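Here's the structure, in structure tokens; my notes come after.
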Amino acid sequence: MSSHKVSLMFFISSIITSLMAMAALAGNFYQDFDIMFGNQHLNILEEGKLVTLSLDKVSGAGFQSKNGYIFGRFDVQMKMPPGNSAGTVTTFYLSSSGPNHDEIDLEFLGNSTGEPYTLHTNVYAQGQGSKEQQFHLWFDPTKDFHTYTVVWNSKRIIFLVDGSPIRVFNNLESLRLPFPKDQSMKIYATFWNADDWATQGGRVKTDWSHAPFSASYRNFNINACLGSQGSPSSSCSTSTNSSAWQNQGLNPAGRNRLRWLQRKFMVYDYCTDRPKFPKGLPRECKHSRV
């Protein structure tokens, strides 16, 4: 075999390996997810493209991705339970396992009829959390599906709602602050009762006369680097446009949009909660968060 053919075969093999390492797919439940709990409370519709979770006094439901990922962009469209949803929590998050786990949270806290949902965000790095920011959304998340996104790369984590950034969590390892980057994380989606804390600090309990409650997920899009659960991070490079998330940040318009949304709709920021941190606010709070 000529050296030219060998080089060509090696080049093609390298391309295939690179593409296999990068998962870029529109999620199908049957192919990409497993049921965690509540089998009887989970319905798979539209050939695996739509999943509904229900909650009653007996159980909620949840599912997780088959694969773990090291960095990526993760999109899902969700529709929250309508009416009096107080006490319920609908989630979409990434997490590794173990006591020193990493986690990136989007949790939707139900409320009494007519009161707004609260979007609760948090980041855990090496088991350290308590980095909550909460928002009231600028639309009714029970009326239609909306897109919720996590962009996670080596420099930052960006939370987006319908393409608008609501939060940025930067990598400040230069200050010896932990950042999620050494553990692969799976995708999780759960629907459960948390009326001991979810609505107005637990003051409003779940009204089971409205059960069963229902939450819906569709159009999962996973554009991420594959990794085994708990493994150290590894390189994942591609020349395709789908890898834009690897260096994604905010341009000036994005930063302005972020600041405006936080001024208008943020209802809690751990970086202003001095009673929670009597010995001083976390060090990252002194640095730019855009």
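Rundown of residues vs (1) touching a Pro at 6+ places or on another chain (Cβ under 8 Å); (2) closer than 21 Å to residue 207 by Cβ; (3) hydroxyl-bearing (Ser, Thr, Tyr), yes/no style:
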{"position": "87", "(1), (2), (3)": "no, yes, no"}
{"position": "90", "(1), (2), (3)": "yes, yes, yes"}
{"position": "106", "(1), (2), (3)": "no, no, no"}
{"position": "110", "(1), (2), (3)": "yes, yes, no"}
{"position": "125", "(1), (2), (3)": "yes, no, no"}
{"position": "133", "(1), (2), (3)": "no, no, no"}
{"position": "137", "(1), (2), (3)": "yes, no, no"}
{"position": "140", "(1), (2), (3)": "no, yes, no"}
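When 181, 155, 186 are checked against the criterion of being basic (Lys, Arg), in contact with a Gly (Cβ under 9 Å, 6 or more places away or on another chain) and under 23 Å from residue 32 (Cα atoms), a single residue qualifies: 186.
The set of residues in the range 260-277 that are open to solvent by less than 40 Å² (accessible area, probe 1.4 Å) and under 22 Å from the mean Cα position of the chain (by Cα) comprises 261, 269, 270, 271. Of everything in the range 17-43 that is open to solvent by 90 Å² or more (accessible area, probe 1.4 Å) and closer than 22 Å to residue 245 by Cβ, the residue that is modelled with the highest pLDDT is 31.
Yes or no, residue by residue, for (1) farther than 18 Å from residue 194 by Cβ; (2) open to solvent by 20 Å² or more (accessible area, probe 1.4 Å); (3) within 12 Å of the chain's Cα centre (by Cα):
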residue	(1), (2), (3)
90	no, no, yes
97	yes, yes, no
100	yes, yes, no
103	no, yes, yes
106	no, no, yes
112	no, yes, no
127	yes, yes, no
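Screening the candidates 169, 139, 135 for the property of being hydrophobic (A, V, I, L, M, F, W, C) and loosely packed, with under 14 Cβ neighbours inside 10 Å yields one hit, 139. Being buried (at least 18 other Cβ atoms within 10 Å of the Cβ) and over 17 Å from residue 105 (Cα atoms) is the filter here; which residues of the range 147-166 pass it? Answer for the range 147-166, where residues must be buried (at least 18 other Cβ atoms within 10 Å of the Cβ) and over 17 Å from residue 105 (Cα atoms): there is none.
Residue 46 meets all of the listed conditions (1) without any contact (Cβ under 8 Å) to a residue 40 or more places away in the chain; (2) in contact with a Lys or Arg (Cβ under 9 Å, 6 or more places away or on another chain); (3) open to solvent by 70 Å² or more (accessible area, probe 1.4 Å) but one, namely (1). Taking residue 54, is it at pLDDT 95 or above and either of a type in the set (S, T, N, Q) or not in a loop (DSSP other than H, G, I, E, B) (or both)? Yes, satisfied. When 243, 237, 216 are screened for being surrounded by 15 or more Cβ atoms within 10 Å (Cβ to Cβ) and at pLDDT below 95, only 243 passes. On the basis of being part of a loop (DSSP other than H, G, I, E, B), modelled with pLDDT under 95 and β-branched (Val, Ile, Thr), does residue 142 make the cut? So residue 142 does not fit the description; no.
For residue 184, which of the numbered conditions (1) under 19 Å from the mean Cα position of the chain (by Cα); (2) under 20 Å from residue 134 (Cβ atoms); (3) in contact (Cβ under 8 Å) with a residue 60 or more places away in the chain fails to hold? Only one criterion is unmet by residue 184, namely (2).
The values are calculated or read from the model by the stated rules, or taken from the named source; none is laboratory data. What you are looking at is a predicted structure, and each value in this text was computed from that prediction instead of being measured. Using ideal geometry, Cβ is built from the backbone for each residue, glycine included, and neighbour counts are taken over all protein chains shown. All accessible areas refer to the heavy atoms of the entire protein, side chains included, with ligands and DNA or RNA removed. Shrake-Rupley method; radii C 1.70, N 1.55, O 1.52, S 1.80 Å.
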